[in-house]
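Written below as structure tokens is the structure these notes are about.
Readers should treat all values here as calculations from the given coordinates under stated rules, not as data from a laboratory. In this text, all values refer to a predicted model and were calculated from it rather than measured experimentally. Heads up, the Cβs are rebuilt from the backbone with ideal geometry, glycines too, and the neighbour counts pull from every protein chain shown.
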């Protein structure tokens, strides 16, 4: 059974004609969960990803109109009382990586956050996830804290993380 997300939708234009980026909206929950699970399956159960999506404040996803599927997704929470957004999960389907989709999706999120007057976006990333760190730094995030044992409940080697922040001006 397909469960549809039902939130107000915002569509973002991209330079690539076949990719559309959406904020919230009506879309099959399983499609977004499958993208995020394909990236985080070693660390989170499918059910926990579904729950994170259901309780998130904002869902962004990239949809490939040629492949007819969701190729990237992000879930965010605006639970920070100082006007910040927390990027809980962010992922691009492996078969769609190295095409600039992560950059496009992050750029759309940043543009929206700026327009809605959020003050900053922050996230946590494993210290050995060099590809993700590079992407985050590319769009303006900076490492602000080293957190030992952040991922102590997961099977990660050296479960340390960086907290990274992007200040929106």
### Summary
Listing 39, 92 by rising number of other beta-carbon atoms within 10 angstrom, fewest first, gives 39, 92
### Query
Of 91, 73, 140, which is the most mobile in a GNM of the chain whose springs link Cα atoms less than 10 angstrom apart?
140
### Message
Let me make sure I get this right: for the range 74-127, a, b and c are the square roots of the gyration tensor eigenvalues over alpha carbons, sorted descending. Under 1.5 in a/c it's rounded, otherwise prolate if a/b > b/c, else oblate. Which is it?
### Response
oblate
### Message
Taking a ≥ b ≥ c as the square roots of the Cα gyration tensor eigenvalues, with a/c under 1.5 meaning rounded and otherwise prolate when a/b beats b/c, else oblate, which class fits the chain?
### Response
rounded
### Task
Take the alpha-carbon centre of the range 118-169, take the same for the range 23-51, and report the distance between them in whole Å.
20 Å
### Task
Pairs of Cα atoms under 8 Å, at least six residues apart: use those to get the relative contact order of the range 10-119, whole percent.
24 percent
## Note on the structure
Highest GNM mean-square fluctuation among 87, 76, 42, for the chain with Cα springs under 10 Å, belongs to 42
### Summary
Ordered by fewest other Cβ atoms within 10 Å, a rough proxy for footprinting exposure, 145, 30 read 145, 30
### Task
Using a 10 Å cut-off on Cβ atoms, rank the peptides 130-137, 77-84 from the highest mean neighbour count down.
130-137, 77-84
### Message
Counting other beta carbons within 10 Å of each residue's own, what order do 163, 142, 169 fall into, fewest first?
### Response
169, 142, 163
#### Entry: the chain: calculated mean residue ellipticity at 222 nm from DSSP helix runs of at least 4, using -39500 (n - 2.57)
-8500 deg cm²/dmol
